[in-house]
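A.B. asks: Here it is, the structure, as structure tokens.
No lab work stands behind these numbers, since they all come straight from the coordinates. Keep in mind that this is a model prediction, so the values were computed, not measured. Glycine gets a Cβ as well: all are built from the backbone with ideal geometry, and neighbour counts include every protein chain shown.
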Amino acid sequence: MLEVSELSAGYGRLQVLFDINFGVRAGEMLAIIGPNGAGKSTLLKSLIGVVTPTKGRIIFEGSRITHEPPNMRVARGLTLSPEGRRIFSSLSVHENLLSGAVRTSSSVIETQLEKIYSLFPVLAEREKQEAGSLSGGEQQMLAIGRALISAPKLLLIDEPSMGLAPLVVAELYDALLKLTSEGIGVVVVDERVTEVTRISDRTCIVEKGRIVYEGEHSEALEQLRDTAFLGTL
């Protein structure tokens, strides 16, 4: 579904990513973990088109999208739920969800709304409520729902568990597993290393802008025990 080859990117003269290589299959969950400042968020931004790569290729479903704008990538089926949620506080839950619909037909929107409300029933209950009045966990559900409104084939999620209680995190992870069971690919960056690697199919460890490990989660955790990640396990 997604193939990334020799990808390098950064901000002006500051290079953050160096020769990144990995792939994601349909229905697979890939966890990307690493210390703060390793380049994880920059990688997701490069995949969605917010950051323009300086080198390498991004192939999505057989098409090269390396330099396509974000709206075209969303239309192809690639979406991002960003770090910090970035919802529109003064808009309703329903309006926030619709704000994520890029080149999406009304019939697809209606179908996706049903799926989102089934995945997160609390959003259906609070459909007309201002998003700013939701709890942190509900706002994260809304951010994921907004990314789902365009019926993505691959969902990128940046730090979904940040600041949330363990029970809420478990609920979010259950929702992500439901998505993969439907054939949607998921790439998730998360600080909850043990939890996210446990539910993922594969794990990539990013250090100083490079992927230093890619493989099964059990081996990833073993590798992390002798690194600076020890405090997060």
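A.B. asks: What is the distance, in nm, between label points placed 7 Å from the Cα along the Cα-to-Cβ direction at Thr104 and at Glu171?
C.D. replies: Here the modelled spin labels are 2.1 nm apart.
A.B. asks: In µm²/s, what is D for the chain at 25 °C and 0.890 mPa s, where D = kT/(6 pi eta Rh) by Stokes-Einstein and Rh is the Kirkwood radius from Cα pairs?
C.D. replies: The diffusion coefficient I find is 137 µm²/s.
A.B. asks: While we're on this one: Multiply the residue separation of Ser118 and Arg64 by 0.36 nm, subtract the distance between their alpha-carbon atoms, and state the gained length in nm to one decimal.
C.D. replies: 16.1 nm
A.B. asks: Given the DSSP H assignment, sum -39500 (n - 2.57) over each helix run of at least 4 residues in the chain and divide by its residue total; what's the result at 222 nm in deg cm²/dmol, nearest 500?
C.D. replies: On the way: 9 runs with 85 residues, N = 233.
Per the formula, -10500 deg cm²/dmol.
A.B. asks: How big is the dipole moment of the chain about its Cα centre under a simple scheme where the beta carbon of each Lys and Arg is +1, that of each Asp and Glu is -1, and everything else is neutral? Debye, nearest 20, please.
C.D. replies: Around 740 debye, computed over the chain.
A.B. asks: If packing is taken as the average number of other Cβ atoms within 10 Å across a peptide's residues, how do 16-23, 197-204 rank, most packed first?
C.D. replies: 197-204, 16-23
A.B. asks: Could you check the simple spin-label distance between Glu182 and Asn21, using points 7 Å along Cα→Cβ, in nm with one decimal?
C.D. replies: Output for this residue pair reads 3.4 nm.
A.B. asks: Give the Cα extents of segment 120-173 along the principal axes, in whole Å, largest first.
C.D. replies: Projected onto the principal axes, the Cα atoms of segment 120-173 cover 29, 26, 17 Å.
A.B. asks: With +1 on each Lys and Arg Cβ and -1 on each Asp and Glu Cβ, how big is the dipole of segment 14-67 about its Cα centre, in debye rounded to the nearest 20?
C.D. replies: In debye, rounded to 20, segment 14-67 gives about 100.
A.B. asks: Which of Lys45/Lys115; Lys55/Lys208; Lys45/Lys208 have a Cα-Cα distance over 24 Å? Please report the intermediate quantities before stating the final value.
C.D. replies: Numbers: Lys45/Lys115 26 Å; Lys55/Lys208 17 Å; Lys45/Lys208 16 Å.
Flagged as over cut-off: Lys45/Lys115.
A.B. asks: Using a basic spin-label model with each label point 7 Å from the Cα along Cα→Cβ, how many nm lie between Glu216 and Thr194?
C.D. replies: Spacing of the two 7 Å Cα→Cβ label points: 2.0 nm.
A.B. asks: What percent antiparallel are the DSSP beta bridges of the chain, to the nearest 5?
C.D. replies: Values: 20 of 37 bridges.
Counting DSSP beta bridges with both partners in the chain, the antiparallel share is about 55 percent.
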